[in-house]
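The values are calculated or read from the model by the stated rules, or taken from the named source; none is laboratory data. Everything numeric here is computed off the predicted structure, so don't read it as measured data. Using ideal geometry, Cβ is built from the backbone for each residue, glycine included, and neighbour counts are taken over all protein chains shown. Ligands, DNA and RNA are stripped out before the accessible areas are found, and what is left, the full protein with its side chains, is counted by its heavy atoms. Shrake-Rupley method; radii C 1.70, N 1.55, O 1.52, S 1.80 Å.
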Amino acid sequence: MNVLGIETSCDETSAAVVTNGMTVRSCVIASSRDAFTRSGGVIPEQAAREQIRSIEPVIDHALEQAEADWQEIDAIAVTRGPGLLGSLLVGSVTARLLAALRKKPLIGVHHTLGHLSSTWLDAADQPQFPLLTLSASGGHTELWLRTALLHGELIGQTRDDAAGEAFDKGASMLSLPYPGGPSISRAGEAGDPEAFPFPHPLSGEDTLDFSYSGLKTALKYTLRDLPTDVLPHRIADLAASFEHAICTHLCDRVTRALHLHATVKEVHVTGGVSANRRLRMMLGSICGGRPVRFPVQLLYCTDNAAMIAAAGTALLQEYGNRACGPFMVAASLPSSTVFTFSKMPERSP
Ligand code: KG4
Ligand code: ZN
């Protein structure tokens, strides 16, 4: 089964062709991120305009790279949310139009389900269940206990900021460019991760939830209390310590989840923050010898259409042309929905 994926939830325009939910035949990403390095974050209207400019050539390029013609495409999967409304509309309107013209089923995919599917892309073997997924990006930070690709339980989530958001806001305070994750990592390479002792969020609480707003405030007060002539010489230590604190909080929750759910066979880490090198090193030593899977390519950590195609394939295989049943019961994710070209979606993303 070949699925064309389309992802336009933020400042990346992406299209991909994926076979059987695992083999990536093409994954094209056009990013308008460079336009936002100095603004400290994405400007929604500008991102939507860039999406309009990029969407058609990106889809053409993805089909070309996959050497696929429309006859070979069995379905189209598109991110239906959450994300920036203007950006999402560009992807979903394009996908609806293509589905109607080419008479293909159209699958609306929740963005987080896309990230949760990214460890299947180009994987050498099938993951073993039950597995624990830590998914952390600029918009979400969640722990899932999963019994199948589409089934599981949300056992922890952030109460305020997401981990990637903490990186982005921290970078802005340190006058480092957006996106904050990579720039804080770079700035902290030669720094001492123990130089500034940031607090451990929710440390006294019996919970698998996350909280990042306190770390952000702690960084703000640390910066306020540093003499201005000292600050430029401490950026590396500040960046390393802040990154270490974010990663330690993520690792603490994984350790706790594995203690509570000892039958877990594998740990998966997805979302933009899964690209973080310090996090990867730290997780390697806390999972009790269980395999720890990250997306096979760094490209699949951050927003991309291949993960949307993989999730769409799983939804189509499990639910066919029906509207999907309850997805991830008791979870915050609303059910994803399968649409055929003849049954246009009643809901926009
Ligand atoms: O998944 P993603 O591309 O978009 C969202 O769904 O939000 O994640 C983007 C987030 C940003 O907050 C960015 O700072 C963070 O992921 N990120 C990183 C790294 N690369 C991207 N955080 C830490 N280390 C990285 N190497
Ligand atoms: Zn994302």
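Only one entry in HIS259, HIS244 is over 19 Å from the mean Cα position of the chain (by Cα) and without any contact (Cβ under 8 Å) to a residue 12 or more places away in the chain, namely HIS259. Residues that are under 19 Å from GLU72 (Cβ atoms) and not small (Gly, Ala, Ser) were ranked within segment 95-107; the one that is surrounded by the most Cβ atoms within 10 Å (Cβ to Cβ) is ILE107. Just to be sure before I move on: is ILE29 within 15 Å of ligand 2 (Cβ to nearest atom), over 16 Å from ILE107 (Cβ atoms) and either surrounded by fewer than 24 Cβ atoms within 10 Å (Cβ to Cβ) or modelled with pLDDT of 90 or more (or both) in the structure I sent? Yes, satisfied. Residues that are in a loop (DSSP other than H, G, I, E, B) and either under 16 Å from the mean Cα position of the chain (by Cα) or under 26 Å from LYS103 (Cβ atoms) (or both) within segment 1-35 comprise MET1, THR8, SER9, CYS10, ASP11, ASN20, GLY21, MET22, listed in sequence order. If we keep just the residues of segment 174-217 that are away from ligand 1 (no atom under 16 Å from the Cβ), in a loop (DSSP other than H, G, I, E, B) and of a type in the set (Ser, Thr, Tyr), which is surrounded by the most Cβ atoms within 10 Å (Cβ to Cβ)? By that ranking, first place goes to SER211. When segment 174-206 is limited to residues that are modelled with pLDDT of 95 or more and of a type in the set (Asp, Glu), the one that is nearest to ligand 2 (Cβ to nearest atom) turns out to be GLU189. Entry remark, segment 273-315: residues being within 16 Å of ligand 2 (Cβ to nearest atom) and open to solvent by 30 Å² or more (accessible area, probe 1.4 Å) number 6 in total.
For segment 136-163, filtering for residues that are out of contact with any His (no Cβ under 9 Å at 6 or more places or on another chain), open to solvent by 30 Å² or more (accessible area, probe 1.4 Å) and more than 14 Å from THR119 (Cβ to Cβ) leaves 6. If the condition is being under 21 Å from the mean Cα position of the chain (by Cα), in contact (Cβ under 8 Å) with a residue 40 or more places away in the chain and not in a helix (DSSP H, G or I), then segment 36-62 contributes THR37, GLY40, GLY41, VAL42. Looking across segment 234-272, not a single residue is closer than 24 Å to ASP206 by Cα, hydroxyl-bearing (Ser, Thr, Tyr) and within 16 Å of ligand 2 (Cβ to nearest atom).
Counting the residues of segment 93-119 that are under 22 Å from VAL24 (Cβ atoms) and more than 16 Å from ligand 1 (Cβ to nearest atom) gives 10. Of everything listed in (1) basic (Lys, Arg); (2) on the phi < 0 side of the Ramachandran plot; (3) more than 23 Å from the chain's Cα centre (by Cα), the single unmet condition for LYS103 is (2).
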